[in-house]
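Trainee: My questions will all concern the structure given below.
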Amino acid sequence: MLDLRPVFFIIGLMLAGLGVFMFVPMFVDLIISNRDLSERVLSDTTLSDRMISARSWPAFAISGILTTLIGGVMAVATFSKNMRLGSRGAFMLTALSWILLSIFAAVPFLMDPIDMSLTDAIFEATSGITTTGATVMTGLDDQPAGILFWRAILQWIGGIGIIATAMAILPMLQVGGMQLFKNESTDISEKILVRPTRVAALIVGTYLGLTFLCALGYFATGMSPFDAAAHSMTTVSTGGYSTSDLSMGGFMDNGADIVSMVFMLAGAMPFGIYMLMATGRLSAPIRDPQARTFLVVIFSLIIMVTGSLWLTSDLPQIQALRLSAFNTISVVTGTGYATADYNSWGPFAVAAFFIFMFIGGCAGSTACSVKIFRYQVAFEALRVYLIQMPRPNTVIPLRYGNKPLSETVVYSVMSYFFLFFMTFAATAVILSMLGLDTMTAWSGAGSAVANVGPGLGDIIGPTGTYESLPSTAKWVLLVAMIVGRLEIITALVLLTPSFWRA
């Protein structure tokens, strides 16, 4: 029989931690709601009257206390010295943690003066914690500071949760070919010669370090400390929530978009590489086949989009390169920032950005979507298949980099591809049945399942939001976000009768 005690014990600890994080935007809001104090501490004289006068700290104080207490009680009630989390428990933990964290993360939105509906609150929280970045909020420049900071914190928490899941849980569960990195994770641990707690500390330290450096970079470009801190969290996590309706386009005058490009790429690289670099293996990014291919692919796409934009617009070459590079990196990594409305760049750009949604970054990063390694595995299987077609007796070993590639990994990857695009198609069809136009339905489905954020078209494109969509469509999309973040297979396993048999 499935023992759920370790599952709810760990989830209880997570909820307690989430509750503690709620006190951070409470203090931020207390500071900024006082104009004199905010200008003195944050050096920001551009805060709107509404942002200063709208106080959201009581909502975070109450939410933080409730969430911490519920999580603490859950952890204490389910604690046992003989707990053991098996594979079925890990599946349950992975799914339930994202769902319950999304629900509790929505509580401040419901209690805040911004007066969100239940659907919009859970949508915003789910989009944040899964680092999707799709939003139902408008008038961001005038929203309470606590709410804006909470959105950023949600994506930052989600980003490190994704890394932990990708490095510790999915390889063990053999989800979507992630078992390919099981030995690699062990290899990293052995090379660092530390216990798992030390490995976890290194991951958190790396994540904190990148966030701090990103915040410094933004501050150097003229962002206020508040905007720099918020955007650093949503950049490294490749989440894409902004404090402005103009997204990163509102901060690019002094080069904030260039800082953003650097750290979006850093967030989309495997964090195991940073751990190896910490041991002195500085050539790890070049030697890693996934990281190397990711960089080649993304720079090739930048050149392609830049050439198209330069030929079809009056923009100078440098401006075309800057806009193309930023928005390409943003969509491929699943961050979702925007510095321009690429819907107006012509049919080629629209089609290209739709395809970019399904690329993604590297496994073991904060990035989303299919991910580069799966395409590498698929192309390797296709290469061997084409060679063997005219010579059936030829034996050609499958390889990934310098490693042999088992048929189990290939089977898992191909299964993932099938389920991913079936989920995307089913979501798009359901959205179409709910009355959404073709562009909105299909790009919205792709954006949700791939956890990208903005879709295409006038409604949910880079300059739009999901606010005007019907409530039913929002529930379909938030379910798709969670399923996409669970790497599809994890969610479907829970629906099989055999999983629940003793």
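The values are calculated or read from the model by the stated rules, or taken from the named source; none is laboratory data. Since the structure is predicted, the reported quantities are computational estimates derived from the model, not experimental observations. When we count neighbours, we look across all protein chains shown, and the Cβ atoms used for this are built from the backbone with ideal geometry, even at glycine.
Trainee: Restricting to segment 449-502, count the residues that are among the aromatic types (F, W, Y) and at pLDDT 90 or above. I'd like the intermediate steps shown before the answer.
Mentor: The first filter runs over segment 449-502 and keeps only residues among the aromatic types (F, W, Y), leaving 466, 475, 499-500.
So of that shortlist, the ones also at pLDDT 90 or above come out as 466, 475.
Selection size over segment 449-502: 2.
Trainee: Another question, then. Does T328 meet the test of being crowded, with 23+ Cβ neighbours inside 10 Å, modelled with pLDDT of 95 or more and over 14 Å from the mean Cα position of the chain (by Cα)? Spell out how you get there, then give the answer.
Mentor: Values: crowded, with 23+ Cβ neighbours inside 10 Å: yes; modelled with pLDDT of 95 or more: yes; over 14 Å from the mean Cα position of the chain (by Cα): yes.
For T328, the condition - crowded, with 23+ Cβ neighbours inside 10 Å, modelled with pLDDT of 95 or more and over 14 Å from the mean Cα position of the chain (by Cα) - is met.
Trainee: Among the residues of segment 52-104 satisfying the criterion of being over 27 Å from M116 (Cβ atoms), assigned to a loop (DSSP other than H, G, I, E, B) and among the basic types (K, R), which is farthest from the chain's Cα centre (by Cα)?
Mentor: If we take residues in segment 52-104 being over 27 Å from M116 (Cβ atoms), assigned to a loop (DSSP other than H, G, I, E, B) and among the basic types (K, R), then K81 is farthest from the chain's Cα centre (by Cα).
Trainee: Is there any pair linking a residue in segment 275-296 that is farther than 20 Å from G360 by Cβ and outside any loop (DSSP other than H, G, I, E, B) to one that is acidic (D, E) and modelled with pLDDT of 80 or more, with Cβ under 9 Å and at least six apart or on different chains, and which?
Mentor: Hits for this filter: L276/D288.
Trainee: If you don't mind, another one. Which ones in segment 398-422 are out of contact with any Pro (no Cβ under 9 Å at 6 or more places or on another chain) and assigned to a loop (DSSP other than H, G, I, E, B)?
Mentor: Within segment 398-422, just S406 meets the criteria.
Trainee: May I ask you to say which residue of D120, D112 is at pLDDT 90 or above and not basic (K, R)? Outline the logic, then answer.
Mentor: On the way: D112 fails: at pLDDT 90 or above.
So the residue among D120, D112 that is at pLDDT 90 or above and not basic (K, R) is D120.
Trainee: While we're looking at this one, here's another question. Could you run through segment 79-123 and say how many residues are more than 20 Å from I10 (Cβ to Cβ) and not charged (D, E, K, R)? Can you show your working first?
Mentor: Looking only at segment 79-123, we keep the residues that are more than 20 Å from I10 (Cβ to Cβ), and these are 106-123.
Among the residues that remain, those that are also not charged (D, E, K, R) are: 106-111, 113-114, 116-119, 121-123.
Within segment 79-123, residues that are more than 20 Å from I10 (Cβ to Cβ) and not charged (D, E, K, R) number 15.
Trainee: Let me ask something additional. Regarding A164, is this residue in contact with a Phe, Trp or Tyr (Cβ under 9 Å, 6 or more places away or on another chain) and not hydroxyl-bearing (S, T, Y)?
Mentor: No: the conditions fail for A164.
Trainee: Any residue at all in segment 192-213 that's at pLDDT 95 or above, part of a helix (DSSP H, G or I), closer than 22 Å to M275 by Cα and among the β-branched types (V, I, T)?
Mentor: yes
Trainee: Further question on the same structure: Restricting attention to segment 351-373, report how many residues are not basic (K, R) and not in a helix (DSSP H, G or I). Working first, answer last.
Mentor: Taking segment 351-373 as the starting set, the residues that turn out to be not basic (K, R) are 351-370, 372-373.
When the remaining residues are screened for being not in a helix (DSSP H, G or I), the result is 357-370.
Selection size over segment 351-373: 14.
Trainee: Further question: Among (1) modelled with pLDDT of 90 or more; (2) surrounded by fewer than 15 Cβ atoms within 10 Å (Cβ to Cβ), where does S415 come up short?
Mentor: (2) is the only condition that S415 fails.
Trainee: Could we say that L93 is more than 30 Å from R501 (Cβ to Cβ), at pLDDT below 90 and not polar (S, T, N, Q) here?
Mentor: Working: more than 30 Å from R501 (Cβ to Cβ): no; at pLDDT below 90: yes; not polar (S, T, N, Q): yes.
Against the criterion (more than 30 Å from R501 (Cβ to Cβ), at pLDDT below 90 and not polar (S, T, N, Q)), L93 does not qualify.
Trainee: Here's a follow-up. Going residue by residue through segment 23-35, is there one that turns out to be modelled with pLDDT under 75 and not in a loop (DSSP other than H, G, I, E, B)?
Mentor: Step one: of segment 23-35, the residues modelled with pLDDT under 75 are 33-35.
Those left that are additionally not in a loop (DSSP other than H, G, I, E, B): 35.
There is at least one residue in segment 23-35 that is modelled with pLDDT under 75 and not in a loop (DSSP other than H, G, I, E, B).
Trainee: Give G334, G401, G360, G364 a once-over and let me know the one that is touching an Asp or Glu at 6+ places or on another chain (Cβ under 8 Å) and touching a residue at least 60 places away in the same chain (Cβ under 8 Å). Spell out how you get there, then give the answer.
Mentor: On the way: G334 fails: touching an Asp or Glu at 6+ places or on another chain (Cβ under 8 Å); G360 fails: touching an Asp or Glu at 6+ places or on another chain (Cβ under 8 Å); G364 fails: touching an Asp or Glu at 6+ places or on another chain (Cβ under 8 Å).
The conditions single out G401.
Trainee: Something else now. Condition first: among the small types (G, A, S), closer than 25 Å to I372 by Cα and either part of a loop (DSSP other than H, G, I, E, B) or modelled with pLDDT of 95 or more (or both). Now tell me which residues in segment 331-350 satisfy that.
Mentor: Narrowing segment 331-350 to residues among the small types (G, A, S): 334, 336, 338, 340, 344, 346, 349.
Cutting the leftovers down to closer than 25 Å to I372 by Cα gives us 334, 336, 338, 349.
Correct list: G334, G336, A338.
Trainee: Kindly provide the set of residues from segment 221-241 that are aliphatic (A, V, I, L, M) and farther than 26 Å from M481 by Cα, ordered by number. So that I can check it myself, show each step before the final result.
Mentor: First, the residues of segment 221-241 that are aliphatic (A, V, I, L, M): 223, 228-230, 233, 236.
The answer is M223, A228.
Trainee: Give just the number: which of (1) surrounded by fewer than 18 Cβ atoms within 10 Å (Cβ to Cβ); (2) in a helix (DSSP H, G or I) does R391 not satisfy?
Mentor: Single failed check for R391: (2).
Trainee: Those residues that are within 16 Å of P25 (Cβ to Cβ) and either outside any helix (DSSP H, G or I) or modelled with pLDDT of 85 or more (or both), I need them from segment 37-51; list them, please.
Mentor: Once the filter is applied, which keeps residues that are within 16 Å of P25 (Cβ to Cβ) and either outside any helix (DSSP H, G or I) or modelled with pLDDT of 85 or more (or both), segment 37-51 yields only L47.
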